[in-house]
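For reference, the structure is listed below as C-alpha cells.
Every number in this text was worked out from the coordinates using simple rules, so none of it is lab data. For clarity, every value in this text was computed on a predicted model and none was experimentally measured. All Cβ positions, glycine included, derive from the backbone under ideal geometry; neighbour counts span all protein chains shown.
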Amino acid sequence: MSPFTNTTLQWLPGEPNDSGFCAYLERAAVAGLKANPCTSVADGLVCEKPVVSPNQNARPCKKPCSLRTSCSNCTSNGMECMWCGSTRRCVDSNAYIISFPYGQCLEWQTATCSPQNCSGLRTCGQCLEQPGCGWCNDPSNTGRGHCTEGSSRGPMKLVGAHSDEMVLDTSLCPRDKNYEWSFIQCPACQCNGHSTCINDNVCEQCKNLTTGKQCQDCMPGYYGDPTNGGQCTACTCSGHANICHMHTGKCFCTTKGIKGDQCQLCDSENRYVGNPLRGTCYCKYFYFFIFIYWFVLLILGNFADNKIHFK
C-alpha cells in the first residue's frame, strides 16, 4: 500500500503524468488533483506513476525537468525538457512561454549541450571554429579524429593540474604514426569514419547505416549520432511506426490511439485503452457501440419476424 494513500497529499498537474514524469506531492491546501495510490517513493516528495488498475504495471518515472540541474541530464531524454544556459534552468519544453514570459532565456538547448572544452567537440568543423582548439586526424583518412587544445604548432597540454600554462606535446598527435594535425583548415576527406573518399573530398559509400554528404546522419528507421565514428541504432517503436527522430529516437507513431516516445502508451485522454506492446489500443466505447449496433439489429430482426407471423 502506498504511503500516500488516505493522506492530505495531492497530485499537482505540473508535469504530464502520461509521459512518464513523476508528479509533485504537496499539501491539500494547494490546488491539484487527488492522489492515486503510488507504487513506490522516489526522489523524496515524488512518487512513481500511480496505478490506475490492479492489472497495470507502473513504469519507472522520469525526473521532472525542474529537478534537473545540468544541461546534460536536462536534455538526456529527448526533447521533452529544455536547458536555458543563460539562467541555468531546466524546464518542460511545453512550458517555455510560462517559464520565461519576458524572454529571459537568451539561449537554450533541447538535444545537445555546448561542450566545456575542446575534447567535447565531435567534428573537425566544430573543433576549428573554437579558439585554441585543433583537430588530430587519424590514419584511416575517413574524417575520424579527436579535438584537443593546441596551436598552429601542434597539440598542447597543461604543465600541471594546478597551472594554466600550456606546453607543446606532439605525442598527442604523432606524425610518425600517420596522424595529421589541423589548426586552420580541416582535412579534405570528412566522412565521419563511415567511408573513404574519392576525388579527395567525396564520400564514396556511407556504411554502418549512415547517410548524408559526410555520412553524418542515420538512415531512416535508425537514430543516433554517427559523427566521428558514432553508431546508429534501430528505432524501437513497438511495431506502430516505421521511422523515428534521427537524433533522439522518438517514434512518429502512425497507429491511431497510440502515443509515447516508443509508441508504448494508449492515448487515454481520448478514451483509448489496450496494450500497444502486445497489440494495439482501442477506443473505450468501441465495443459498447458494436454491442448497441448488434442489439438494434437483433430487435429489428425479431420485429420483422413477428410481423411475418402476424400476417
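Once you have the Cα-Cα distance between R153 and S70, take 0.36 nm times their residue separation minus that, and quote the gain in nm to one decimal.
26.4 nm
Tell me, F252, F183 in order of fewest to most beta-carbon neighbours within 10 Å? Please report the intermediate quantities before stating the final value.
Details: F252 13, F183 16.
By the 10 Å Cβ count, ascending, the order reads F252, F183.
Say R0 is 35 Å: what FRET efficiency, to the nearest 0.05, do N242 and R88 get from their beta-carbon distance?
Working: r = 39 Å, r/R0 = 1.10.
Efficiency, rounded to the nearest 0.05: 0.35.
Give me log10 I(q)/I(0) at q = 0.27 Å⁻¹ for the stretch 222-274, Debye formula, one equal scatterer per alpha-carbon, no solvent.
The computed values of log10 I(q)/I(0) come out as -0.93.
Rounded to the nearest 0.05, what FRET efficiency do T255 and A234 give with R0 = 22 Å and r taken as the Cβ-Cβ distance? Could you check? Please list the in-between numbers first.
Working: r = 18 Å, r/R0 = 0.84.
For T255 and A234, the calculated efficiency is 0.75.
When the expected Rg is taken as 2.2 N^0.38 Å, what fraction or multiple of it is the alpha-carbon Rg of the stretch 118-187?
Values: Rg = 11.6 Å, N = 70, 2.2 N^0.38 = 11.1 Å.
Dividing the Cα radius of gyration by 2.2 N^0.38 Å gives 1.05.
Along each principal axis of its Cα atoms, how long is the stretch 76-230 end to end? Whole angstroms, biggest number first, please.
57, 47, 21
For R278 and I198, FRET efficiency with R0 = 30 Å and r from the beta-carbon atoms, rounded to 0.05?
Values: r = 48 Å, r/R0 = 1.62.
Working from the Cβ atoms, E equals 0.05.
Full-extension gain between I184 and T170, please, as 0.36 nm times their residue separation minus the C-alpha to C-alpha distance.
On the way: separation 14, 0.36 × 14 = 5.04 nm, distance 1.69 nm.
Once the chain is fully extended between I184 and T170, it gains 3.3 nm.
If you build the Cα gyration tensor of the stretch 100-152 and take the root of 5 times each eigenvalue, what three semi-axes come out, in whole angstrom, biggest first? Write down the numbers at each step before the final one.
Working: eigenvalues 179, 32, 11 Å².
That gives 30, 13, 7 Å for the three semi-axes.
Fewest Cβ neighbours within 10 Å first, please rank L209, L297 accordingly. If you can, show how the numbers build up before the last one.
Details: L209 20, L297 10.
In increasing order of surrounding Cβ atoms, one gets L297, L209.
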